[in-house]
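Taking it in order: structure first as structure tokens, then the write-up.
The values are calculated or read from the model by the stated rules, or taken from the named source; none is laboratory data. Keep in mind it's a predicted model, so treat the numbers as computed, not measured. A quick note on method: Cβ atoms are made from the backbone with ideal geometry, for glycine too, and the neighbour counts reach across all protein chains shown.
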Amino acid sequence: MKNKLHLLKYILFLIPAIIPAQSKAYYVANGGYDTNPGTLDFPFATVTKAASTASAGDTIYIRGGQYNLSSTISLGKSGSSTSYYHLYAYKNEKPVFNFSTQSSSDGIKVNGNYWHLKGIESTYAAHNGIAINGSYNIIERCSVHDNRNSGMQLGNGAAYNQIINCDAYYNYDSPSGGNADGFAPKLDVGTGNYFYGCRSWQNSDDGFDGYLRPSDNITTTYENCWSFMNGYLKDGTMITTGNGNGFKTGGSDSKDLHHNAVLKNCLCFDNRVKGFDQNNNKGSMTFYNCTGFRNGTYNFSIPTAIDSGYSATIKNSISLESQGVTLISGVVQEANTWIGTFTVSSADFVSIDTTGVRGPRKSDGSLPDVNFMHLVSTSVLIDAGVNVGITFAGNAPDLGAFEYGIAQTPTSVEETNSLPSSYVLKQNYPNPFNPSTIIEYVLPKESRVELIIFNSIGQKVAELVNQLQAAGTHRVQWSANKLSSGIYFYSFKAVNISERAVFSEAKKLILLK
């Protein structure tokens, strides 16, 4: 009998470890109280209270309206690759954090790891609108504007963050205007950060700035991003104290640091000075299917030598209406409008009118549909490119940021509030990727999950998940920074123990360094 009691106590002790905790939802609203339980009917008043209450896997929903704040929102807890903290705008409502009475510091600080922010607006902060100092975070459908330094800055070793479908505009640091960028993965930032579908316009310094101090030999990827009219103020006034570049790939005080920048399908126009700018970056720079239009001096600028062991490559790219390009002889160039037999003019495009580029995003968060810089069906730039691993429609890739006949689809992280009815394994995103990607899957019921990565000859290279998980949508971020380029496969197996049902599926992913 004594042994049975010991066994029963042991089983009861194990139950919390065997049965995963169910995620909870908390709500924040104007008119709420932090003494409330944080429910939809009785919400909290502040994100700070909700964040201190939530556990990994929980979701904090913010109701619409303006929140006037004088102190920073700090998100310091850390989740895991399978259990994020979620901070979301509630349904289609629009929460706006206004920090205009703040005397110092950033508006929102993401110091923890594995946070997913979606649908939030951060404005008038004394420093950065959103500062990301943690890693493996997802910032989606957020806007940062009218802040008194950069809109969104990544630093303090921040690595492998995903910035998806976000906007940064009208950021200005008084009185000089020389530091406020739209998006700034710079200074002491970490590696592996990824920007997709982001817009940056009319920031006093640069649209995207990768200047380093003291980080070295890091990689940042930009895909389907637009940068325009940086170096101009909100009212359209030109400001000469900022750099006024679209994409500044790197640079440093010592002029010897390496920021390896990868840009794909990026559009850069009407910036006060340069479009795609080396600055004094000594690292690798890769530009695939990029379009530079009507920037103040050069559309593409790589005028100084880079270090041995690094490379600069430009392929399938367009330069129109500026001084053109300034490139050192060592830049690898192929199928660009300024080499070979290409002749490019405004007649190659449906429109060179920028109307709509600041317009509202589509309901899925993706960039608005515009005619600007899209190729006409008769353009010689169609099928004139070389294969660089980006999806194309015809016999060969087109030149520039927009492939004729293919609508650009957003990288988007979708969540559902209701339990799913079936198992789903989603395609990883981004794909191809370098060096990190996200894999999502959906469980209709509690299941034992295995998620394993194999190389092309069937060798296991990583085990991402091997545990019992609750019903719902799960997300895993995988970094392949130690692996070589190539095709890999992720194998997913879910066992519903109660019904003895097994679901399994595998998908291909491509690591392109």
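Annotations
- Among the conditions (1) surrounded by fewer than 20 Cβ atoms within 10 Å (Cβ to Cβ); (2) assigned by TED's automatic domain parsing to the domain that holds Y27; (3) touching a residue at least 12 places away in the same chain (Cβ under 8 Å), the only one that F99 does not satisfy is (1).
- Residues of the stretch 198-216 that are among the aromatic types (F, W, Y) and in a loop (DSSP other than H, G, I, E, B): Y211 alone.
- Of the residues A384, A401, the single one that is modelled with pLDDT of 95 or more, touching a Ser or Thr at 6+ places or on another chain (Cβ under 7 Å), assigned to a loop (DSSP other than H, G, I, E, B) and not basic (K, R) is A401.
Residues checked against (1) of a type in the set (S, T, Y); (2) on the phi < 0 side of the Ramachandran plot; (3) surrounded by fewer than 23 Cβ atoms within 10 Å (Cβ to Cβ):
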site	(1), (2), (3)
G177	no, no, yes
F183	no, yes, no
G192	no, no, no
M229	no, no, no
N271	no, yes, no
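- Assessment of the stretch 295-312 against the conditions (hydroxyl-bearing (S, T, Y), outside any loop (DSSP other than H, G, I, E, B) and over 28 Å from K234 (Cα atoms)) yields no matching residue.
- In the stretch 63-85, the residues that are assigned by TED's automatic domain parsing to the domain that holds D41 reach residues that are part of a loop (DSSP other than H, G, I, E, B) and basic (K, R) with C-beta atoms within less than 6 angstrom, at least six apart or across chains, in these pairs: G64/K94.
- S436 vs. criteria closer than 18 Å to S81 by Cβ, at pLDDT below 85, crowded, with 17+ Cβ neighbours inside 10 Å and not assigned by TED's automatic domain parsing to the domain that holds V344: yes
- Tallying residues that are assigned to a loop (DSSP other than H, G, I, E, B), crowded, with 24+ Cβ neighbours inside 10 Å and under 17 Å from the mean Cα position of the chain (by Cα) within the stretch 146-158 yields 3.
- Among residues of the stretch 330-368, those that are of a type in the set (D, E) and either in a helix (DSSP H, G or I) or on the phi > 0 side of the Ramachandran plot (or both), counted: 1
- For the stretch 419-426, the criterion of a residue being at pLDDT 80 or above and crowded, with 19+ Cβ neighbours inside 10 Å is satisfied by at least one position.
- Qualifying residues in the stretch 352-375 (those that are aliphatic (A, V, I, L, M) and closer than 21 Å to S322 by Cβ) - the one surrounded by the most Cβ atoms within 10 Å (Cβ to Cβ): M373
- Going through (1) in the same structural domain as L212 (by TED's automatic domain parsing); (2) over 16 Å from the mean Cα position of the chain (by Cα); (3) over 20 Å from W226 (Cα atoms) one by one, N171 falls short only on (3).
- Listed conditions (1) assigned to a strand (DSSP E or B); (2) over 13 Å from the mean Cα position of the chain (by Cα); (3) of a type in the set (A, V, I, L, M, F, W, C) are all met by F195, apart from (2).
- Of all residues in the stretch 430-453, those satisfying the criterion of being within 26 Å of the chain's Cα centre (by Cα) and within 19 Å of S504 (Cβ to Cβ) are I439, E440, Y441, V442, L443, L451, I452, I453.
- Residue tally, condition surrounded by fewer than 18 Cβ atoms within 10 Å (Cβ to Cβ) and either within 22 Å of S421 (Cβ to Cβ) or acidic (D, E) (or both), over the stretch 451-468: 2
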